[in-house]
Amino acid sequence: AAAAAASRRRISSLNSHLCSSSSSCSPLSSRIIISERVQNALQNNEPVVALESTIISHGMSYPENCKCALEVEDIISSKGCVPATIAIFDGYVRVGLSKGEIDTLGKEGAFVAKVSRRDIAPILANASLPEPSLRRLKLGATTVSATLLLADMLKIPVFVTGGIGGVHREAETTFDISSDLTELSRAKNTVVICAGVKSILDIGKTLEVLETLGVTTVGYKTDAFPAFFTRDSGFKPSTLVNSATEAANLIHARNNMRLNSGILFAVPVPEEFEKATGAEIERYTTKALREAKKRKISGRDVTPFLLKRIFELSKGKSLSTNIALVKNNAQVGADIAIALSSMFR
Ligand code: PSU
Ligand code: MN
């Protein structure tokens, strides 16, 4: 009860932060609990970097997932920013997690729901069930789409992840297009930092849909759009920046024009990690895609299945590249968050 009261107090003071700059504003939901550290940083306009939790529960295996999540938080902290990992626990969206909570998300894989925008209300409502079942879980890991909409609500300027969802290969028959793309088109306060789009997806179609949705795609120090495990997908982003300061200028121009649409920064994996994987990963991807089709895997299970199979087939090689690029993205995200916050000092 004391914790709930403290969190209510924090929310009401955060509401004044959220409402200070615009005339049309709605107070924050009572279903959101923000850690004290994140709350203080937001109020003092210190740089905060949001992080997703599906990458922990469904994107990597235990214990590497938790180790990676904590190391990413440390990288962000050591740069002088505040990390804000987002997930859903027992009826509350939680922003800023403890080590123990991150461990739970990583360990309880099967008992953690993969939550995109459409799943937020049901999982919050499940908290009132006397007994949760496998189909109605209370613990949720948020995807890029859910994390982005929550970060945007809280005006957290930067959100770092590994790879985003996109248009799946053969989407012309399956219609499988990640809600990450729609959410990117809506994000007016938060930008996303990723390592491009995995070739489990159709990268060309993904970029076409992002263009249609009005999302600015930005190569970070490159004019090649990266393909997650490799530095060049063969496709081009819509623009490029050569530094965190240039990135902050771009974000400022977007905000200043009130464009209300998203920006996706794509940071290529550092070269030394690309060499280890490239062509080999493509073979495993093709194999994993064939298996998924044969087993009739669909809906939200597709992406986790493919990621898991590629990790297995590459015997962990793809995992070490994945971890390296997420950490690299964390560095870049922190730099951009710092450049942005120094513009407003
Ligand atoms: N791509 C990755 N790693 C991931 C994901 C995608 O390389 O962990 C996760 C992210 O959380 C992303 C989600 O938001 O998968 C997309 O799922 P879907 O394709 O079902 O929208
Ligand atoms: Mn999908």
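The values are calculated or read from the model by the stated rules, or taken from the named source; none is laboratory data. Quantities reported herein were computed from a predicted structural model and do not represent experimental measurements. All Cβ positions, even for glycine, are placed from backbone atoms using ideal geometry, and neighbour counts span all protein chains on display.
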Residues of region 244-274 classified as of a type outside the set (Val, Ile, Thr), touching a residue at least 24 places away in the same chain (Cβ under 8 Å) and assigned to a loop (DSSP other than H, G, I, E, B), total: 7
Conditions (1) within 16 Å of ligand 2 (Cβ to nearest atom); (2) on the phi > 0 side of the Ramachandran plot; (3) more than 22 Å from the chain's Cα centre (by Cα): number failed by Ile297: (2)
Any hit, region 267-274, residues being farther than 15 Å from Leu325 by Cβ, touching a strand residue (DSSP E or B) at 6+ places or on another chain (Cβ under 8 Å) and within 16 Å of ligand 1 (Cβ to nearest atom): no
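Please specify each residue of region 200-230 satisfying the condition of being within 10 Å of ligand 1 (Cβ to nearest atom) and in contact (Cβ under 8 Å) with a residue 40 or more places away in the chain. If you could, list the steps in order and put the result at the bottom.
Step one: filter region 200-230 for residues within 10 Å of ligand 1 (Cβ to nearest atom), giving 200-201, 228-229.
Within region 200-230, Ile200, Phe228, Phe229 meet the criteria.
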Checking Asp90 against (1) acidic (Asp, Glu); (2) on the phi < 0 side of the Ramachandran plot; (3) in contact (Cβ under 8 Å) with a residue 24 or more places away in the chain, the condition it does not meet: (2)
Glu73, sole failed condition from (1) out of contact with any Phe, Trp or Tyr (no Cβ under 8 Å at 6 or more places or on another chain); (2) on the phi > 0 side of the Ramachandran plot: (2)
Selected residue [surrounded by fewer than 19 Cβ atoms within 10 Å (Cβ to Cβ) and either touching a Phe, Trp or Tyr at 6+ places or on another chain (Cβ under 7 Å) or at pLDDT below 95 (or both)] from Glu291, Glu246, Glu282, Glu274: Glu282
Pair list, Cβ < 8 Å and 6+ apart or interchain, from region 101-114 residues that are assigned to a helix (DSSP H, G or I) to residues that are of a type in the set (Val, Ile, Thr) and buried (at least 19 other Cβ atoms within 10 Å of the Cβ): Ile102/Ile56; Ile102/Thr85; Leu105/Ile56; Leu105/Val112; Gly106/Ile56
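Any idea which of Ala141, Ala146 is surrounded by 24 or more Cβ atoms within 10 Å (Cβ to Cβ), within 9 Å of ligand 1 (Cβ to nearest atom) and over 30 Å from Leu240 (Cα atoms)?
Working: Ala146 fails: over 30 Å from Leu240 (Cα atoms).
After ruling out the rest, the residue left standing is Ala141.
Can you name the residue in region 174-208 that is of a type in the set (Val, Ile, Thr) and either within 13 Å of ligand 2 (Cβ to nearest atom) or part of a loop (DSSP other than H, G, I, E, B) (or both) and is also surrounded by the fewest Cβ atoms within 10 Å (Cβ to Cβ) among such residues? Walk me through how you get there before you give the answer.
The initial filter retains those residues of region 174-208 that are of a type in the set (Val, Ile, Thr), namely 174, 177, 182, 190-193, 197, 200, 203, 206.
Those left that are additionally either within 13 Å of ligand 2 (Cβ to nearest atom) or part of a loop (DSSP other than H, G, I, E, B) (or both): 174, 177, 182, 190, 197, 200, 206.
Details: Thr174: 13, Ile177: 18, Thr182: 17, Thr190: 25, Val197: 30, Ile200: 26, Thr206: 27.
The residue in question is Thr174.
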